[in-house]
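Read the figures in this text as sums done on the coordinates, not as results from a lab. Note that the coordinates shown come from a computational prediction; the quantities given were computed from them, not determined experimentally. Here Cβ is always computed from backbone atoms with ideal geometry, including for glycine, and neighbour counts include all displayed protein chains.
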Amino acid sequence: MAKDKIYIQDNNEITELTGKEKDDFIAERKTDELESKARFNELDSQKALKVSAYKKLGLTEEEINAIL
Amino acid sequence: MPTTTKMGIVYPSSTDLVKDGATAMGTISTTVDAKSGLVLLETQTFSAVSAVNFTSKFSSNFDNYIAEINCTFSASLDIYARLRSGSTDASGSDYVTQGVGSNSTSVSAGRTTTTYWFCNFIATGTEFSQTWKLFNPFKASVTNVISNSYSSTGATVAQNACVQRHNLTTSYDGITFYPGGAGTMTGVISLYGINK
């Protein structure tokens, strides 16, 4: 199927989104993707904070990796 | 009449009269209907689509459901899900996901309330095998979910275990699964009703 087309399967029937419906769908997926990236960035930040705290406590990289 | 060993399904013996056959078939059918554990509601096989909808599948026949997902994505993303009423997705920020994921020695946990469910707190993927067990989506009560996810990009293998809640006390009769971003999905999803 062509990359620029958006297909939805509903109860085994395929329909192509067009017009505003297609534009809204693409916009919503972009928002979803940004939200997902933000979520993972936050999880990475939390991990970085934990690593920093463990380093201050004097733990080695190996010990920190074992904890995280 | 004799019965099967495991499910106790009554069936006609070889000495029964032919005229009793219709009654016996009716008994067999109703017994199978009552005693089957999982009832396959629909299997959808799809290729390069942007969403897979199960419309008008939940009913008062079942309280709880299982969705088995096997698919690949065109890009490294998450699987998202939304409940539906008829052909309309419930798109409010009422979907709570709590979970923990692991990828090699990395472990990550979180809780998110947003406009969809997902089951991933560790890494996006291009290959997914997931099981979603949905509790009471058709009842006018909150819907709860227990989900487990295998995901991979080929080079990595990640695991996630999640629980989800939809906060509205609304009856829903369907669910949609879709890639959480610009990408398409290819694979198979089966939806089962759990007999009660």
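Table for the structure above
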{"quantity": "Dipole moment magnitude, nearest 20 debye, chain A about Cα centre, only Lys, Arg, Asp, Glu C-beta charged", "calculated": "400"}
{"quantity": "Peptide-level mean, for B:115-123, of C-beta atoms on other protein chains within 10 Å", "calculated": "2"}
{"quantity": "Computed magnitude of the charge dipole of chain B (debye, nearest 20; Cβ of K, R +1, Cβ of D, E -1)", "calculated": "300"}
{"quantity": "On Cα atoms only, tilt of B:21-35 relative to the major axis of chain B in degrees", "calculated": "30"}
{"quantity": "Which listed pairs, of A:Lys22/B:Lys57; A:Lys5/B:Lys139; A:Lys20/B:Lys57; B:Lys6/B:Lys196; A:Lys37/B:Lys196; A:Lys5/A:Lys37, have C-alpha distances above 29 Å, in listed order", "calculated": "A:Lys5/B:Lys139; A:Lys37/B:Lys196"}
{"quantity": "Modelled label reach - B:Thr45, point 7 Å along Cα→Cβ, the range B:72-93 residues with backbone N closer than 15 Å", "calculated": "B:72"}
{"quantity": "Length-normalised contact order of the range B:1-114 in % [C-alpha pairs under 8 Å, at least 6 apart]", "calculated": "13"}
{"quantity": "Relative contact order of chain A, pairs being alpha-carbon contacts under 8 Å that are 6 or more residues apart, as %", "calculated": "15"}
{"quantity": "Cα long-axis angle, helix A:19-56 against chain A (0 to 90 degrees, to the nearest 10)", "calculated": "10"}
{"quantity": "The range B:38-194, relative contact order in percent, only Cα pairs under 8 angstrom and at least six apart counted", "calculated": "40"}
{"quantity": "Hz values of 3J(HN,Hα) by residue in the range B:83-91 - Karplus curve (6.51, -1.76, 1.60), Gly and Pro given as x", "calculated": "6, 9, 10, x, 9, 10, 6, 7, 10"}
{"quantity": "Ascending count of other beta-carbon atoms within 10 Å, so fewest first, for B:Ser102, B:Ser60", "calculated": "B:Ser60, B:Ser102"}
{"quantity": "Listed peptides B:68-80, B:105-117, B:15-27 by packing density, highest first (mean Cβ within 10 Å)", "calculated": "B:68-80, B:105-117, B:15-27"}
